[in-house]
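Asks: Take this structure, written in structure tokens, and hold onto it; I'll ask about it next.
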Amino acid sequence: MFVIRDEKVGGNALVTFGTELILPMPFKGDWADQVRPVLFAEGGQVFDTSDKEDRTFVNPGTGEDTGVPLLTQDNEFRFSAGAGVTWYTPIGPISLSYAVPFGDKEGDETEKVQFQIGNTF
């Protein structure tokens, strides 16, 4: 059975932006140079830049056109702000952050806490 839900579906363009304020450590010590607290703000959105208003969903199981039109996209950006700390270890950075989303809509999947090991590119 193929179910179509009332949700926005992907896109072919991505816009993200963010800023980070690196804070000084409130205490001193040999390991204080290896820890970096930050405050940050981020935002972004996924867009569909194709101008095809008459597209419809295709059942991925059968390849059959369902005749159900693709939903119009939500062009509003999503934002979050939060705080985090990164510890620079010999094997790479380990980060823990907490963010609060604002401007989110019903149905958005949000992650307030993130844990990361290693660099991002």
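The values are calculated or read from the model by the stated rules, or taken from the named source; none is laboratory data. Please read all numbers here as calculations on a predicted model, not as lab measurements. When we count neighbours, we look across all protein chains shown, and the Cβ atoms used for this are built from the backbone with ideal geometry, even at glycine.
Asks: In segment 82-99, how many are small (Gly, Ala, Ser) and without any contact (Cβ under 8 Å) to a residue 24 or more places away in the chain? Outline the logic, then answer.
Replies: The initial filter retains those residues of segment 82-99 that are small (Gly, Ala, Ser), namely 82-84, 92, 95, 97, 99.
Now drop any that are not without any contact (Cβ under 8 Å) to a residue 24 or more places away in the chain, which leaves 95.
Summing the residues that are small (Gly, Ala, Ser) and without any contact (Cβ under 8 Å) to a residue 24 or more places away in the chain in segment 82-99 gives 1.
Asks: Okay, moving on. Find all pairs meeting these conditions: Cβ atoms under 8 angstrom apart; at least six residues apart or on different chains; first residue within segment 100-111 and within 16 Å of residue 81 (Cα to Cα) and assigned to a strand (DSSP E or B); second residue at pLDDT 80 or above and hydroxyl-bearing (Ser, Thr, Tyr).
Replies: Sorted first by the residue in segment 100-111, then by its partner, the pairs are 100/80; 101/80; 101/110; 102/80.
Asks: Might you check whether a residue that is surrounded by 10 or more Cβ atoms within 10 Å (Cβ to Cβ), in contact with a Lys or Arg (Cβ under 7 Å, 6 or more places away or on another chain) and modelled with pLDDT of 80 or more occurs anywhere in segment 11-23?
Replies: Yes, there is a match, as at least one residue in segment 11-23 is surrounded by 10 or more Cβ atoms within 10 Å (Cβ to Cβ), in contact with a Lys or Arg (Cβ under 7 Å, 6 or more places away or on another chain) and modelled with pLDDT of 80 or more.
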